[in-house]
Amino acid sequence: MLGQIEGPIRYPIRPLSAEIKKAIVCGPIPKMREWRRVLVDGGELTDAEQVMAFAELYLKVPDGIKRGDPLHLEDFQETFIYAIFDNDVETTNAILSVARRNGKTFLIAIIILAFLVGPLAVRNSSIASAANSREQAALIFKMMERMIKMTPELVDLTKIVPSSKHITGLAKNTEYFAMSAEAKTGHGQSLFLIVLDESGQIVGPSNDYISMLETSQGSYENPLFITISTQAPSDADYLSIQIDDAEKSKPEGTVCHIYRAPPEADLMDKQHWKYANPGIGIFRSEKDVEKQMLKAVRLPEKENSVRNLLLNQRVSREMLWLAPNIWKQCNHPIDDRVFLNNPVSIGIDLSSRNDLTAAVIAAQDSNTGIIHVKPYVFCPAKGLKARAKRDRAPYDTWVDKGFMFTIPGATIDYEVFATIIRDEIEDDMGVEIGTIEFDRWRINEFKSAADRVNFAGWAEWQPVGQGYKDFSPRCEAVQSLLLSSRIYHGGHPLLNLAASNAIAVRDPSGNVKLDKSKSTQRIDPLVAMVMAIFPVSEGDANEGFEAAAMIG
């Protein structure tokens, strides 16, 4: 354990910025001294100041352009440390919520090292960082490991075991564990300090992992539980419940600092960026924030994700996949000659047998690079008017005008479906299908039907999973093409309806898929279009497209 510095206290208090004052929703208003002057003068440091002095005297920046330089804490980090460790009432719970890439992992490493080998070390105590995923748990451990290895004094005070993500503080026999819900680690441990990372990813009010963490501190009279995370999407999620309780009840011993933009925030208002990103210009690139905001202005599908991750607002990441103006700018007539003179793929979404079934052909004009798409949409003839009323769409009118096909009966007969698209595409247009991209739903029945009627006999059949892994690259490719006006869809009403209602959802890694269950209208034609476009655009559609990769 590294020593403490003592002496008299006679120093002025620094004012808090407007952003910091706005962020403090529970706990004390810290008294921010010029503690570095106190340190130089040999004055007495408070507990919080000893943590900060430890960090700046002994720890170095572990990576980036300032790698190897001494650490320098920012005001928002100091405020949080002051609030926890100089609280008149002993702090038992602390929450810090900021937008992504604002030095959360960096701050976690500093606090844990202060308890492991620094001024807050308690003999024989156990400390843990907890995360949902193995990857996030490993990230915290690696940052601590790098910090230790860059400081000779800390190397001599620690024993690191990379295989188990475990570090021992030798002076006071303290132990640190990196724990993750995925690895089911930590069961049976008695923990003095827990720092929970990215708890905004915990869906629902609690889970078995959280329950295990909360009960693991029962052996200590004064344990500390710290949560550092970007906000959760829903009011019903674990982190949201903790924040709401802190704001409403202001329980004794709880510190809660939430850096967030107001609900009505304009995406391009830089002051609102500062409210959510106290580390902007230091940990978080302002240029990157601006780029992400501009993209969200153009693409509503990205707006909620940006509001959650960059403005730290509590909003679902579900959003319309396409901006209406982006879709409309691609409303150019399709040219059937493109399908005759270039490779053609078809996307097939069979859906359920009594609902919409869609086939969309796609081909890229070798001269212009424009991709032309043409949909064929089917529904059962029986119950057409009732279905139109249920879906609030004029299916009967579209059938009369030739935009939809009906199949006799109450369900889709796949042999009739295959016959019609064979006649329309292969016989009437003279187009040869090269690739068939399909959802696996009932595909074996359709394949058999296609064989019986001799549809696309030479085509390559390519299954497309509808989950994040398979669908995300296809969604991103189509978005990129639409943004650069390289898709002509002809304003087909069924595609228009689907595009205006398609909801996209994201997983924690940023992968995207279209969610039929959350869309208010049928989006089958759009799903078929997304599948059809990918084979004829691979290697070109993703040029210049930037996937959001924002890790805290």
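Tabulated data for the structure shown
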quantity: Subset of segment 486-505 (residues that are touching a Leu at 6+ places or on another chain (Cβ under 9 Å) and polar (S, T, N, Q)); calculated: S500, N501
quantity: Some residue of segment 256-265 being touching a Lys or Arg at 6+ places or on another chain (Cβ under 9 Å) and closer than 27 Å to D439 by Cα; calculated: no
quantity: Hits in segment 23-36 - residues which are over 30 Å from Q313 (Cα atoms) and either part of a helix (DSSP H, G or I) or of a type in the set (K, R) (or both); calculated: R33, W35, R36
quantity: Flag if L39 is part of a helix (DSSP H, G or I), at pLDDT below 95 and either over 38 Å from the mean Cα position of the chain (by Cα) or closer than 30 Å to I243 by Cα (or both); calculated: yes
quantity: Residue in segment 324-354 that is nearest to the chain's Cα centre (by Cα), counting only those that are part of a strand (DSSP E or B) and among the small types (G, A, S); calculated: G347
quantity: Criterion (under 37 Å from the mean Cα position of the chain (by Cα), crowded, with 16+ Cβ neighbours inside 10 Å and farther than 24 Å from A477 by Cα) met by exactly one of F438, F378, F417; calculated: F378
quantity: Some residue of segment 266-275 being in contact (Cβ under 8 Å) with a residue 12 or more places away in the chain and over 24 Å from E303 (Cβ atoms); calculated: no
quantity: Helices (runs of 4 or more DSSP H) within segment 88-166 that include 2 or more residues without any contact (Cβ under 8 Å) to a residue 40 or more places away in the chain and of a type outside the set (D, E, K, R); calculated: 134-149, 152-157
quantity: Qualifying positions in segment 243-267 - in a helix (DSSP H, G or I) and out of contact with any Cys (no Cβ under 8 Å at 6 or more places or on another chain); calculated: D244, D245, K248, S249
quantity: Failed item in (1) assigned by TED's automatic domain parsing to the domain that holds T79; (2) surrounded by fewer than 14 Cβ atoms within 10 Å (Cβ to Cβ), with M268 passing the rest; calculated: (1)
quantity: Total residues in segment 355-392, condition within 19 Å of G490 (Cα to Cα), outside any strand (DSSP E or B), in contact with a helix residue (DSSP H, G or I) (Cβ under 7 Å, 6 or more places away or on another chain) and of a type in the set (A, V, I, L, M, F, W, C); calculated: 0
quantity: Condition met for R522 (of a type in the set (D, E, K, R), touching a Ser or Thr at 6+ places or on another chain (Cβ under 9 Å) and in the same structural domain as R392 (by TED's automatic domain parsing)); calculated: yes
quantity: Counted residues, segment 198-255 - those being of a type in the set (G, A, S), crowded, with 20+ Cβ neighbours inside 10 Å and in contact with a Phe, Trp or Tyr (Cβ under 8 Å, 6 or more places away or on another chain); calculated: 2
quantity: Verdict on T79 being under 36 Å from the mean Cα position of the chain (by Cα), at pLDDT below 95 and outside any loop (DSSP other than H, G, I, E, B); calculated: no
quantity: Residue within segment 468-475 that is within 32 Å of the chain's Cα centre (by Cα) and surrounded by fewer than 14 Cβ atoms within 10 Å (Cβ to Cβ) present; calculated: yes
quantity: Which listed residue, of S509, S517, is surrounded by fewer than 21 Cβ atoms within 10 Å (Cβ to Cβ) and closer than 28 Å to R134 by Cα; calculated: S509
quantity: Filter result for A363 (free of Cβ contacts under 8 Å to residues at least 24 places away in the same chain and either under 17 Å from M531 (Cα atoms) or among the small types (G, A, S) (or both)); calculated: no
quantity: Check on L96, modelled with pLDDT of 95 or more and crowded, with 17+ Cβ neighbours inside 10 Å; calculated: yes
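Yes/no per residue for (1) polar (S, T, N, Q); (2) at pLDDT below 95; (3) not assigned by TED's automatic domain parsing to the domain that holds P278:
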residue	(1), (2), (3)
D349	no, yes, yes
A358	no, yes, yes
N367	yes, yes, yes
I371	no, no, yes
L384	no, yes, yes
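The values are calculated or read from the model by the stated rules, or taken from the named source; none is laboratory data. What you see is a predicted model, and the numbers here were worked out from it, not measured in a lab. As a convention, Cβ positions derive from the backbone with ideal geometry for all residues, glycine included, and neighbour counts pool all protein chains shown.
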